[in-house]
């Protein structure tokens, strides 16, 4: 039986291991979480990922810079390597398919990888295009896979502008597709201005938004089918 206190202590260790870019502690705390029977999803999202969210805040406040960000990511991945094989899929009542990637010119994929993992755990089909993805590739992949949702990520203001072009092209080719954007320089205002359907402030929000979008999309499809018959 895991006590609340013990669980809290391990979550804090996981979170701090990421913030302090301490790979050894991330591994040790991850192993301990499994040894005492903690839910690996809990250890990942309330431990490692919440540490990475704090790192994102420090990065935005310019207390951390890219080198720290990358070392924190190494600690995150060290813990994930141990926990991820034990993760059980959640059943959230909604299944969908998602095309995800970091836009052209941008090689920062930490946030994108966390969001991708959320979708994996939630049982979505994920088409991960990786990082530095040519803008046309998002449109091609959505058309090819007929995915419900396209998620675009950027960490730099210079690469973020590419999102606007992708959104315009996607909406022209397929007005029903849902588009979510995220990353440090992105805001709700930018998402609305460029015509995105959602803005992912963090991985939890991304998943909640995605579920709402896909539910509404499925409802539209059902109504359209009903009108045909």
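When ranked by the protection proxy of mean other Cβ atoms within 10 Å per residue, highest first, what sequence do the peptides 135-143, 219-227 form?
Answer by packing, highest mean first, reads 135-143, 219-227.
So what is log10(I(q)/I(0)) for the range 97-228 at q = 0.10, 0.22 1/Å, when the Debye sum runs over its Cα atoms only?
These q points yield log10 I(q)/I(0) values of -0.27, -1.39.
With contacts defined as alpha carbon pairs under 8 Å and 6 or more residues apart, what's the relative contact order of the chain in percent?
With pairs under 8 Å counted, the relative contact order is 16 percent.
For Rg and Dmax of the Cα atoms in Å, pick the label among (i) 18.4, 60; (ii) 17.1, 55; (iii) 23.2, 74 that corresponds to the value derived from the coordinates.
(i)
FRET efficiency for residue 146 and residue 70, Cβ-Cβ distance as r, R0 = 25 Å, nearest 0.05?
After rounding, the FRET efficiency stands at 0.10.
Estimate the FRET efficiency between residue 193 and residue 156 by the formula 1/(1 + (r/R0)^6), using the beta-carbon distance for r and 22 Å for R0, to the nearest 0.05.
Calculated value: 0.75.
Using only Cα atoms, find the angle between the long axis of helix 4-19 and the longest principal axis of the chain, and express it within 0 to 90 degrees, rounded to the nearest 10.
Long axis of 4-19 versus the principal axis of the chain: about 70 degrees.
Run lengths n ≥ 4 of DSSP H only: what is the helix-derived mean residue ellipticity at 222 nm for the chain, with -39500 (n - 2.57) per run over all residues, to the nearest 500?
Only helices count here, giving -18500 deg cm²/dmol.
Order of 69-77, 183-191 by packing, highest average Cβ count within 10 Å first?
In decreasing order of mean packing, 69-77, 183-191 become 69-77, 183-191.
For the range 97-228, what's the relative contact order in percent, using C-alpha pairs closer than 8 Å and at least 6 residues apart?
Relative contact order comes out at 25 percent.
Values quoted throughout were computed directly from the atomic coordinates according to the rules given, and no laboratory measurement underlies them. Because the structure is a prediction, the values reported are computed rather than measured. Using ideal geometry, Cβ is built from the backbone for each residue, glycine included, and neighbour counts are taken over all protein chains shown.
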